[in-house]
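Everything on this sheet refers to the single structure shown next.
The values are calculated or read from the model by the stated rules, or taken from the named source; none is laboratory data. This is a predicted model, so every value here is computed, not measured. Neighbour counts run over all protein chains shown; Cβ positions are idealised from the backbone, glycine included. Heavy atoms of the whole protein, side chains included, go into the accessibility calculation; ligands, DNA and RNA do not. Shrake-Rupley method; radii C 1.70, N 1.55, O 1.52, S 1.80 Å.
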Amino acid sequence: MTALTISRRRVAVPDWLVQHGGLLAVLVSVCLYLSVSTEVFATTPNIINVLRQVAVIGVLAAGLTLLMASGGLDFSLGSQVAVITAVAAQLIANGTSTPVAMVCGLALGAVFGLVNGFVITFFGVAPFVTTLATATILDGVALVAMQGQAISISDQLTWLGTGEVLGLPLLLVIAGVVCAAAAVVLRWTRFGRDALAIGGNHVAARLGGIAVMRHTISLYVLNGVLAGVAAIMLLSRLGAASPGTAGLHLELTVVAAVVIGGTALYGGSATVLGTVLGVVLLGVVANGINLLQIDSFYQPVSVGVVLLVAAIVNHLRHRSAH
Amino acid sequence: MSSQPRALAMRGIAKRFGGAVALQDVDFDAAPGEIHALLGMNGAGKSTLVQVLSGAIRADAGSVQLGDTHLHHAGPRGAREAGISTVYQKRTLVPSLSVAENIFLGELPRRSGAVDWRRVVEGAREALSDLGIDIDPRTRVDRLGPGQQTLVEIAREVRRGGDVIILDEPTASLGGADAALIHDLVRRLAERKRAVVYISHHLEEVMQLSDRVTVLRDGEVALTSPTSSLTMRDLVEAMVGSDVVVERPSRPRRERRPMLTITGLAVRGVLEPLDITVGAGEIVAVLGPAGDGQTALFRHLSGLAPADAGTVTLDGDRVDPRRIARTLQQGLRSVSGDRLGSGLNPLATVNENIAALAPVSRRRLISWSRIRREALELRQRFDVVTLHADPPVTSLSGGNQQKVLLAKWLSGEGLRACLLEEPTGGVDVRAKADIHELIEAMAADGVAVLLASSDVDEVLRLADRVIVLRGGVVIDEHDADDANHHDINHALLGGIS
């Protein structure tokens, strides 16, 4: 083991490549395969389309990476998105100006995060249970808010959904900025390092002077706000809020992306780069199934398989590190 | 299992891992009724020898014999069935199950398919009382103290029978009173003609308890001799190969400005009101069995749990330990005795751990080059030895982890007083000497040091003043110059030994 580590150090391979080499290799292979076997995959419009589709998941996954770094977990993000899209759509459809509706959406997300964080820290309920409960509640609330029907916002958010910056979709740019910011926070700020310290050993973190409860609550609030951002992005892309577009189903994709990216389930180790690779991989696989004209029922199967393989590989790697 | 107890004989054991020699030509015997202590620094080969003996790994050369039976390729199961049982340092009890279930773990007696609970409880009761252990078998294991858990673990192995029992540092994390219980049990095992292989870092314990000592150094036997013909110094020399100071260096005594003052600190049922004043540059030891009052001292000074009463002042300023960040800034640091449990982040590297408290990390933005620079300096100052530039902290030996722990908690601006809980728990002799030097250097710089320890040697070596606690009550207070081993041990163990 020791010899292996030494030889690895001598070759000047950057840490991030060592850490994510496997995932990167899988992603590149899948892309190569699709480029060869379909004509459409390697075209600019298709690639931009894939990235535009994963933008919403990318925003959610970036926040979840920070939260999971601290040992937290949020199963309610997708359901938060569902409620926020419904409420924002109702507001816009009833004549509220879009900026006001957007701010309301973000505030709503912050409230959801606050509730989750409060229950988890003050009552000590496991994050898994708390957020599964709030997810179920919010899924129902979303249906109530939509009265079971799709709510169209006509072209109110088209500027966001189809807008471009330097030839790139605006949604993609937003997701990129959020992910880059999360990466910087996790690596170069005290906020991010404290999150990792809490995930690594929360007792030592507390004794070291970190306000663990406050920090944990702010992470849940941050995730709620990002759920608001994601909700507005989703609404702008679809032009309507409709039942079943978000909720637990969306959430599972987000969690899968973070886990595929190598974030430890109990916290203490995480990278946003891994998460981004996980998000893109899932997007490419979904696109591939589409392009290869495989029945779309196989998409969940593929997500599950990728998740399982990634989880096993991560487990083996952590075990060999000890 | 034969009725006649058999002797253990290991001959010419050798083992290599890759290019590294772990054991070379090691002979080791244990006769029925003998307590044979196995000593050695970290990495000397003790664990490898135990693993060979318990069948966990296979030796490259040599033989293991129990009576007339050869056990060379027995494997863990085979070794156990042949009559060699092992109690590992790491606990293997299931905390959420009862003592009785743990004793019968994996072999619960059944009657017509269902678990026969009466036999489980009665069998466990018998196994415990047979060894003179006073624990109700229906108690959940997590309700027991660490000492009692070790007793249960030993009782489990004894019930399964066998001629040889290996005890791997059974007292490593225990205080004096609990250790005394283990010692009594070990003596009873020997009376019953078991051969006991006893591994320990604690020299005094070995001197008192064992009939014979084998010291391993760099994978070879450095010494095998009856304990009665040895002194502590002989053991230390055999372990490190050179002389390490165990005597207390003389320190000038002078009047000291009170720095850390604890007044009336009390926790219901755990700690009677306690007053301690530590002067600048003074080392005051609070000695007591682990799990007794001095553990409470850490929990309350560090801010983990509030005390029921009491005040703490630092150089005249009031300190509220519950406000942890502020207390750290004021210059009071409490260093846990449980390094990976509550002192360090086991998932982080050495540098990240060292920097986690230092002022650098308190800035909002992190500069990695700064962390590297400062950590390097601290690693030199605290003498942390690593093979790689910045390895995960869990890859270090216990002694080096302990130094990282001290570097993390005792560096940075403004350190004025500290509480050190078992600062040399489970580290080898050399690291222990290093850490003692660090503590003395810190005191020489004017830091008030409060030492919570259950290690009498350490206390006598370091402390200017000794406060002895038992059952949360101060039973004795000495200037170190007047104190000696006998007095302190006597006070500490009281009615127990």
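On the basis of being away from chain B (no Cβ under 14 Å) and touching a residue at least 24 places away in the same chain (Cβ under 8 Å), does residue A:283 make the cut?
yes
It is to be established whether one or more residues within the range B:140-154 are surrounded by fewer than 20 Cβ atoms within 10 Å (Cβ to Cβ) and among the hydroxyl-bearing types (Ser, Thr, Tyr).
Within the range B:140-154, not a single residue is surrounded by fewer than 20 Cβ atoms within 10 Å (Cβ to Cβ) and among the hydroxyl-bearing types (Ser, Thr, Tyr).
Checking residue A:173 against (1) over 22 Å from residue B:329 (Cβ atoms); (2) open to solvent by 40 Å² or more (accessible area, probe 1.4 Å); (3) facing chain B (nearest Cβ under 10 Å), which single condition isn't satisfied?
Result: residue A:173 passes all but (3).
Against the condition part of a helix (DSSP H, G or I), under 26 Å from residue B:160 (Cα atoms) and open to solvent by less than 60 Å² (accessible area, probe 1.4 Å), how does residue B:49 come out, does it pass?
yes
Among the residues of the range B:97-118, write down those that are open to solvent by less than 70 Å² (accessible area, probe 1.4 Å) and hydroxyl-bearing (Ser, Thr, Tyr).
The one that is open to solvent by less than 70 Å² (accessible area, probe 1.4 Å) and hydroxyl-bearing (Ser, Thr, Tyr): B:98.
Looking at the range B:324-351, which of its residues are more than 8 Å from chain A (Cβ to nearest Cβ) and under 23 Å from residue A:268 (Cα atoms)?
The answer is B:335, B:337, B:338, B:339, B:349, B:350, B:351.
Read through the list (1) surrounded by fewer than 18 Cβ atoms within 10 Å (Cβ to Cβ); (2) in contact (Cβ under 8 Å) with a residue 12 or more places away in the chain; (3) in a loop (DSSP other than H, G, I, E, B), then give the number of the only condition that residue A:96 fails.
For residue A:96, the failing item is (2).
So for the range B:176-197 (the condition being small (Gly, Ala, Ser), touching a Leu at 6+ places or on another chain (Cβ under 9 Å) and farther than 27 Å from residue B:234 by Cβ), does at least one residue qualify?
yes
I'd like the full set of residues that are open to solvent by 60 Å² or more (accessible area, probe 1.4 Å) and modelled with pLDDT of 85 or more, limited to the range A:1-41.
The answer is A:26, A:28, A:29, A:32, A:33, A:36, A:39, A:40.
Residues that are open to solvent by less than 10 Å² (accessible area, probe 1.4 Å) and within 15 Å of residue A:175 (Cβ to Cβ): does the range A:241-252 have at least one?
No, the conditions are met nowhere in the range A:241-252.
Quick check, is residue B:404 in a helix (DSSP H, G or I), β-branched (Val, Ile, Thr), touching a residue at least 24 places away in the same chain (Cβ under 8 Å) and more than 8 Å from chain A (Cβ to nearest Cβ)?
yes
Testing residue A:288 on (1) more than 18 Å from the chain's Cα centre (by Cα); (2) surrounded by fewer than 18 Cβ atoms within 10 Å (Cβ to Cβ); (3) among the small types (Gly, Ala, Ser), one condition comes back false. Which one is that?
(2)
Just give me the residues in the range A:291-302 being open to solvent by 30 Å² or more (accessible area, probe 1.4 Å) and either assigned to a helix (DSSP H, G or I) or under 26 Å from residue A:180 (Cα atoms) (or both), in sequence order.
A:291, A:298, A:299, A:300, A:301
Test residue B:58 against the stated conditions and say whether it is among the basic types (Lys, Arg), more than 30 Å from residue B:120 (Cβ to Cβ) and in a loop (DSSP other than H, G, I, E, B).
Considered against the rule, which asks whether it is among the basic types (Lys, Arg), more than 30 Å from residue B:120 (Cβ to Cβ) and in a loop (DSSP other than H, G, I, E, B), residue B:58 comes out as yes.
Being among the polar types (S, T, N, Q) and at pLDDT below 85 is the filter here, so list the residues in the range A:236-267 that pass it.
A:245
Have a look at B:431, B:441 and point out the one that is modelled with pLDDT of 80 or more, among the small types (Gly, Ala, Ser) and either within 20 Å of the chain's Cα centre (by Cα) or buried (at least 18 other Cβ atoms within 10 Å of the Cβ) (or both).
Answer to the selection: B:431.
Got a number for residues in the range B:309-345 being surrounded by fewer than 18 Cβ atoms within 10 Å (Cβ to Cβ), modelled with pLDDT of 90 or more and in a loop (DSSP other than H, G, I, E, B)?
Within the range B:309-345, residues that are surrounded by fewer than 18 Cβ atoms within 10 Å (Cβ to Cβ), modelled with pLDDT of 90 or more and in a loop (DSSP other than H, G, I, E, B) number 5.
Hey, among A:190, A:237, which residue is surrounded by fewer than 24 Cβ atoms within 10 Å (Cβ to Cβ) and within 14 Å of chain B (Cβ to nearest Cβ)?
Going through A:190, A:237 in turn, just one is surrounded by fewer than 24 Cβ atoms within 10 Å (Cβ to Cβ) and within 14 Å of chain B (Cβ to nearest Cβ): A:190.
Looking only at the range B:286-316, which residues are over 24 Å from residue B:439 (Cβ atoms) and more than 14 Å from chain A (Cβ to nearest Cβ)?
Passing the criteria: B:307, B:308, B:309, B:310, B:311, B:316.
Just to be sure before I move on: is residue B:132 open to solvent by less than 70 Å² (accessible area, probe 1.4 Å) and within 27 Å of residue B:183 (Cα to Cα) in the structure I sent?
Details: open to solvent by less than 70 Å² (accessible area, probe 1.4 Å): yes; within 27 Å of residue B:183 (Cα to Cα): yes.
Yes; evaluated as a whole, the condition is true for this residue.
Considering each of B:264, B:303, B:291 in turn, give the residue that is in the same structural domain as residue B:467 (by TED's automatic domain parsing), at pLDDT 85 or above, touching a Gly at 6+ places or on another chain (Cβ under 7 Å) and on the phi > 0 side of the Ramachandran plot.
One residue alone meets the criteria, B:264.
Can you say whether residue B:161 is under 18 Å from residue B:101 (Cβ atoms), out of contact with any helix residue (DSSP H, G or I) (no Cβ under 9 Å at 6 or more places or on another chain) and at pLDDT below 90, as far as the supplied structure shows?
no
Have a look at B:462, B:493, B:469 and point out the one that is open to solvent by less than 60 Å² (accessible area, probe 1.4 Å) and modelled with pLDDT under 65.
Result of the check over B:462, B:493, B:469: B:493.
What's the total number of residues in the range B:363-399 that are closer than 22 Å to residue B:324 by Cα and either surrounded by fewer than 16 Cβ atoms within 10 Å (Cβ to Cβ) or assigned by TED's automatic domain parsing to the domain that holds residue B:428 (or both)?
Qualifying residue count for the region: 3.
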